[in-house]
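Student: Got a structure for you, written out below as structure tokens; questions coming shortly.
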Amino acid sequence: MELKSFETIGRRIKQARKAKNLDQASLAKLIGVLPSRISLLERDRAHLVASEASFFCKVLEVDLNWLINGEIRSENELFLTLNLDHKEYNEIPDHAKEKWLEKHTQRFALQGIDVAAQIQEFLSRGSQATASV
């Protein structure tokens, strides 16, 4: 089963913006739009147009498929989707990563969603791909 974000495009923009420690005004300046445009997009009150999408992807360092469709193809997108701190995860010793993920994904388990195994599978695929390069 492929992991996917079921959040809206606006929510994904907001998650990625916050992960980059940008406020709406700063992101707007980098993209070349008014801050009100960012606010409208994040609240799903406006639609992202194709000409903007590539700018958002470049500035926020996310893949177009994740931004538009929620398709998770990288570890960074996985952590954005789960609203987890990727930097914190990378600083944890390998032997402690599984416990950290369990702790930080409990909110999904409480909702009856078992994402821990999917996350582990996704991360191990990424590690195998990196190791084979």
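Student: Amide H of residue 71: which non-local residues (sequence gap of 5 or more, or other chain) have their own amide H closer than 5 Å, using H built in the peptide plane?
Tutor: 5, 66
Student: Which ³J(HN,Hα) values, rounded to whole Hz and listed in residue order, are derived for region 58-69 from phi using the Karplus coefficients 6.51, -1.76 and 1.60 in 6.51 cos²θ - 1.76 cosθ + 1.60 with θ = phi - 60°, glycine and proline given as x?
Tutor: Calculated HN-Hα couplings, in order: 5, 5, 8, 6, 10, 7, 4, 5, 5, 4, 7, 10 Hz.
Student: In whole angstrom, how long is each semi-axis of the equivalent ellipsoid of region 60-108, when you take the square root of 5 times every eigenvalue of its Cα gyration tensor and sort them from largest down? All intermediate terms of the calculation are to be shown ahead of the outcome.
Tutor: Details: eigenvalues 99, 30, 12 Å².
Working through the eigenvalues yields semi-axes of 22, 12, 8 Å.
Student: Could you go through region 73-87 in sequence order and give the Karplus-derived ³J(HN,Hα) for each residue, using 6.51 cos²θ - 1.76 cosθ + 1.60 with θ = phi - 60°, rounded to whole Hz, and x for Gly and Pro?
Tutor: Listing the rounded values in order: 10, 9, 4, 4, 5, 4, 5, 4, 4, 7, 6, 10, 8, 5, 4 Hz.
Student: Amide H neighbours of residue 20 under 5 Å, counting only residues 5+ apart in sequence or on other chains, H built in-plane at 1.01 Å?
Tutor: Correct list: empty.
Student: Among 119, 31, which comes first, second and so on when ranked by fewest other beta-carbon atoms within 10 Å?
Tutor: Neighbour counts put them in this order, fewest first: 31, 119.
Student: Working from the alpha-carbon coordinates of region 1-91, get Rg over Rh, Rh being the Kirkwood radius.
Tutor: Rg/Rh for region 1-91 comes to 0.95.
Student: Also: Modelled label-to-label distance, residue 21 and residue 76, 7 Å Cα→beta-carbon offset: nm?
Tutor: Going by the 7 Å Cα→Cβ label model, 1.6 nm.
Laboratory data are not the source of any read-out in this text; all were calculated from the coordinates shown. This structure is a prediction, so every number in the text was calculated from the model and none was measured. With ideal geometry, Cβ positions are generated from the backbone for all residues, glycine too; neighbour counts draw on all protein chains shown.
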